[in-house]
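Participant: There's a structure below that I have some questions on.
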Amino acid sequence: MQVVVQTENLRMEFSLGLGRGRMVALDDLTLQVESGEVFGVLGPNGSGKTTAMKVLTGLCAPTSGSAWVLGQPVGNVSVKNEIGFLPEHPYFYEYLTAEEFLRFYARLFRRGGLVLSKRVDELLELVGLTRQRRTRLQHFSKGMLQRIGIAQALINDPRLVLLDEPMSGLDPVGRREVRDIILQLRDQGKTVFFNSHILPDVEMICDRVAILMEGRLLAMGPVRELVGSISVRSVEVELESVSSTEIAVVERMAEKVVVMKNYLIAVLPDMASVDEILRLANVHGWRLRAMTPRRASLEEIFLQEVSKHHHEIR
Amino acid sequence: MRFGDIAAIAQNTYKENLRDKILYNLVIFGLVMIGGSLLLSTLTIGERTKIIMDVGLASIELFGTLIAIFVGIGLVSKELEKRTIYTILCKPVSRSRFILGKYLGLVITLFVNVSIMGIGFFLILALIHVVPNFTIVAAVLLIFVQLLILTAFALLCSTFTTSTLSAMFTLSIYVIGHLTEDLKNLALRLSDVFSSTFSSTLLEVVYYVLPNFDYFNIKGEVVHGVSIDPATVGSILLYGLVYAAVLVALSCLIFERRDVK
């Protein structure tokens, strides 16, 4: 697997103004992203996610440490031919139409003629804005702006796509659309590096995640490993043919019981109670409809890591 | 070397200016002022042509200057404030090429606007049966070159400070640029009064570093019908273009080192 993004002991400090000291935005950040991965960076506001992205796109030079993109040092103009970037809360040239906007970015890659027209059409199709191609961006909704923003990041058919908070401020439909685009990019073999606050989305589409806090890397690994490292929290069991008198038996073992029309759902605290319920089901003739182990979500892991970090600081 | 990216940025800047209402207002006001010189001229006896020429050229300079300052200061700072610059600088466009493109875009805007006001001015002259001679055309051209310096200065400021401060600095340079001759005279006086040459040398250095906008002002010659020779116009043009080029180069140098936060 080719390493697409690599940082080593990256540190970034900003001056807060005369006599007000310096702020550390990134502290000893070392990470690697491999080709074809969807890599998510999680972190609360001010954790350094955006700064990391600015270093990778060459917008900011790190105070110390090194970073490479596609094997070349960041900021190298030739690397920029291979990357696409969508900034957070992007403001675009609102006086341009969607088509003019994409043509402008294509010309920055010194592309023209038929290739350009074809690419513009393809991207408008991909982000579902073909019908709005002659509409000025000032009339676009937030979701449409986000989608045209993704289109501009893909204008050069990049190998690495960096998306800073691509789902923030979007409604569920908009979020799903952006999610689908990211998955499509993965299917095309592109590497996607993105920051997000919206944890369920990260959990759903990322191969690996990194958790950042105050510029430091708290955890990194495949989503399944991070989630799986925490044992099963509870088990949800759906049972049929439980008579009204037998419900009390189930209730004694379960944390919670929800009685539906033809069945009931019992949330059991551990595997021992699951064994017991299965035994009782045999005895009373209950039918098992479904059994779902409930693991900790990425959100819980994230909150757990953040509170651990706060605890260590204290 | 290809210039597709610079041309794209220049065209985009021009398009942005073109779709900006402030610009239209300024140009319309400029044209109204030039037209208004016809009315003003009726208040005088025998000086009609002089008034029209004076008010006409002064209007082109005033509104050109307003456009250069108000559009120029936003060239880079607006891109930074609105963060549109992020998507440009992560494309294979060096920062210097970005600056060149932005400057070129504003130069085209200024050229179109000065041309529109210039044509308006020539039409008014045609109404009073005055055919524009070389000196009159040169006066308009020199105003344009003065605007090139002013725009380059606004661009330079906008690479390191906010729009408001850039506007103040550029306006100050415009005023000081018209007073540099006084600085030179002051340097001469100081050297007469004090034995130390430090202050007079300092003022002389300031005199040579700051742009001298008086060179570009040939309204007096135009109004009084004094012809000016092409060689003089050529040397002023050269001075203006070199000065603007140095300012743009400085802007590139500063912007190359700036972090985009």
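The values are calculated or read from the model by the stated rules, or taken from the named source; none is laboratory data. The shown structure was predicted, so the numbers you read here are calculated from the model rather than taken from an experiment. Every residue, glycine among them, receives a Cβ derived from its backbone with ideal geometry; neighbour counts consider all protein chains shown. Side chains are part of the model used for accessible areas, which takes the heavy atoms of the whole protein and leaves out ligands, DNA and RNA. Shrake-Rupley method; radii C 1.70, N 1.55, O 1.52, S 1.80 Å.
Participant: If you put +1 on each Lys and Arg Cβ and -1 on each Asp and Glu Cβ, how big is the dipole of the protein assembly as shown around its Cα centre, in Debye rounded to 20?
Facilitator: Approximately 800 debye in magnitude.
Participant: Evaluate the distance, in nm, between pseudo-label points positioned 7 Å from the Cα of B:Ile108 and of A:Arg136 along their respective Cα→Cβ axes.
Facilitator: 1.8 nm
Participant: Below 26 Å, Cα to Cα, which lysines can B:Lys50 reach? Residues fewer than 8 away in the same chain don't count.
Facilitator: Qualifying lysines at Cα under 26 Å: B:Lys219.
Participant: Summing both sides, how much accessible area is buried between B and A? Use a 1.4 Å probe and give Å² to the nearest 100.
Facilitator: 2900 Å²
Participant: If you don't mind, there's one more thing I want to ask. State in Å² the accessible area per residue of the protein assembly as shown; use a 1.4 Å probe, count heavy atoms of protein chains only, and round to the nearest integer.
Facilitator: Value returned for the protein assembly as shown: 47 Å² of accessible area per residue.
Participant: Hydropathy first: keep DSSP H helices in chain B averaging at least -1.0 on Kyte-Doolittle, then drop any whose Cα extent along the axis falls short of 27 Å, and list what survives.
Facilitator: Those that pass (Cα extent of 27 Å or more, hydropathy at least -1.0) are B:21-41, B:48-72, B:95-127, B:134-158, B:230-257.
Participant: Let me ask another. If I take every Cα pair under 8 Å that is 6 or more residues apart in chain B, average their sequence separation and divide by the length, what percent do I get for the relative contact order?
Facilitator: 26 percent
Participant: A 30 angstrom limit on the alpha carbon distance is what I want to check against. Which of A:Lys142/A:Lys190; A:Lys54/B:Lys21; A:Lys118/B:Lys91; A:Lys118/A:Lys190 exceed it?
Facilitator: A:Lys54/B:Lys21
Participant: What distance in nm separates the simple spin-label points at A:Asn282 and A:Glu300, each placed 7 Å from Cα in the Cβ direction?
Facilitator: The modelled label-to-label distance comes out at 2.9 nm.
Participant: Here is a follow-up. At a 1.4 Å probe, what is the % contribution of carbon and sulfur to the accessible area of region A:234-294? Walk me through the numbers on the way to the answer.
Facilitator: On the way: 1880 of 3680 Å².
That share works out to 51 percent.
Participant: With equal scatterers on the alpha carbons only and no solvent term, can you work out the Debye log10 of I(q)/I(0) for region B:134-259 at 0.15, 0.19, 0.20 1/Å?
Facilitator: Reported log10 I(q)/I(0), two decimals: -0.82, -1.07, -1.12.
Participant: OK, next. What trypsin sites (Lys or Arg not before Pro) in region A:1-104 are in a loop by DSSP, with at most 11 other Cβ atoms within 10 Å of the Cβ?
Facilitator: A:Arg20
Participant: May I ask for the angle, rounded to the nearest 10°, between helix A:113-126 and the longest principal axis of chain A, with both axes built from Cα atoms and the value confined to 0 to 90°?
Facilitator: 20 degrees
Participant: On to the next question. Under a straight-distance cross-link criterion of Cα-Cα below 19 Å, which lysines are reachable from B:Lys15, leaving out those fewer than 8 residues away in the same chain?
Facilitator: B:Lys78, B:Lys82, B:Lys102
Participant: List the residues of region B:73-98 whose accessible area drops by at least 50 Å² when all protein chains are present, compared with their chain alone, using a 1.4 Å probe and counting only protein heavy atoms.
Facilitator: Those are B:Lys82, B:Arg83, B:Thr84, B:Tyr86, B:Thr87, B:Cys90, B:Lys91, B:Pro92, which lose 50 Å² or more relative to the chain on its own.
Participant: Using a 1.4 angstrom probe on heavy atoms only, work out the carbon and sulfur share of the accessible area of chain B in %.
Facilitator: Values: 8730 of 12250 Å².
Solvent-exposed carbon and sulfur of chain B make up 71 percent of the total.
Participant: How high is the FRET efficiency from B:Ser191 to B:Leu241, r the C-beta distance, R0 30 Å, rounded to 0.05? Please report the intermediate quantities before stating the final value.
Facilitator: On the way: r = 32 Å, r/R0 = 1.08.
Calculated transfer efficiency: 0.40.
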